[in-house]
Amino acid sequence: MHNDNVEIIAIGTELVSGLILDTNSHWLASEISVAGGDVQRITALPDDAHSIVTELRAAVDRQARVIITTGGLGPTPDDLTVEAVSRLARTDTHTPAEVLADYAHRRGITLDEASTPPRAKMGCVPETSVVHLNPVGWAPCFTVRVGNSTIWCMPGPPREVEGCYSVHIKPELE
């Protein structure tokens with residue numbers, strides 16, 4: 001298996017302040033180990049673009065083959081994961097039409113109704129990323145290659161982490 005050297009980065013000021021327990025990293029580490037991966041590091045970071053870029057760059061420099069992030073994909077100004085990953089990958093961001101169309105379809109609303117600024121922000125991804133639609137929530141997960149590393153970014157709610165991991169990441173690791 002070529003998924004040795006996996007790193008997990010949990011993003012959210014609520015995690016590092018102790019407001020919310022980071023159950024995602026524990027669950028992911030267990031699942032990745034069962035799938036044959038070797039988790040080398042788990043890091044929790046605040047909602048700070050500079051900190052996120054710095055830690056992602058360090059993980060790439062450590063030759064992590066797979067870097068999995070959780071959190072920071074929401075509609076609020078402190079959700080900075082997409083901005084940070086885009087900066088690291090030296091690319092712009094965009095909201096793919098397929099993400100908005102999927103949201104509208106699953107909610108039974110028109111594309112215009114789905115295309116609000118908060119939903120557009122939650123659907124925003126780096127332009128060079130591969131989008132993986134979220135099977136249980138709104139913000140998609142996505143992958144970006146940087147150097148020899150594949151960075152997987154997922155939303156933070158545990159139900160969405162479990163859905164995105166099970167549908168998209170687990171099959172890749174196995």
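The values are calculated or read from the model by the stated rules, or taken from the named source; none is laboratory data. A quick note: this is a predicted structure, and the numbers were derived from the prediction, not measured. Note: ideal-geometry Cβ built from the backbone for every residue, glycine included; neighbour counts use all protein chains shown. Note: areas computed on protein heavy atoms with side chains; ligands, DNA, RNA excluded. Shrake-Rupley method; radii C 1.70, N 1.55, O 1.52, S 1.80 Å.
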| task | Sort I109, I20 from largest to smallest accessible area, using a 1.4 Å probe on the heavy atoms of the protein chains. | result | I20, I109
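Note down the Stokes-Einstein diffusion coefficient of the range 109-163 in µm²/s, whole number, using a Kirkwood radius over alpha carbon pairs, 37 °C, and 0.692 mPa s.
Here the translational diffusion coefficient equals 268 µm²/s.
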| task | Report the residues of the range 130-155 in range of a label on K170: point 7 Å along Cα→C-beta, backbone N strictly under 18 Å from it. | result | 132-137, 141-142, 152-155
| Kirkwood hydrodynamic radius over Cα pairs of the range 81-126, then Stokes diffusion coefficient at 20 °C and 1.002 mPa s, in µm²/s | 194
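Calculate, in whole percent, how much of the Cα-Cα pair population of the chain lies beyond 21 Å.
Values: 6559 of 15051 pairs.
Counting pairs separated by more than 21 Å, the tail of P(r) holds 44 percent.
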| remark: For H94 and R145, extending 7 Å from Cα along the Cα-Cβ vector and measuring point to point gives, in nm, a value of 1.9
| task | Kindly point out, ordered by number, any Cys in the chain whose beta-carbon has no other cysteine beta-carbon under 4.7 Å away. | result | C124, C153
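Which value, in Å to one decimal place, does the Kirkwood hydrodynamic radius take for the range 20-76 when every pair of different Cα atoms is included? Don't jump to the answer; show the numbers that get you there.
Working: mean 1/r = 0.0790 Å⁻¹.
It works out to 12.7 Å.
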| message | Give me, ordered by chain and number, the residues 5 or more places off T150 or on other chains with an amide H under 5 Å from its own placed amide H. | response | V66, I67
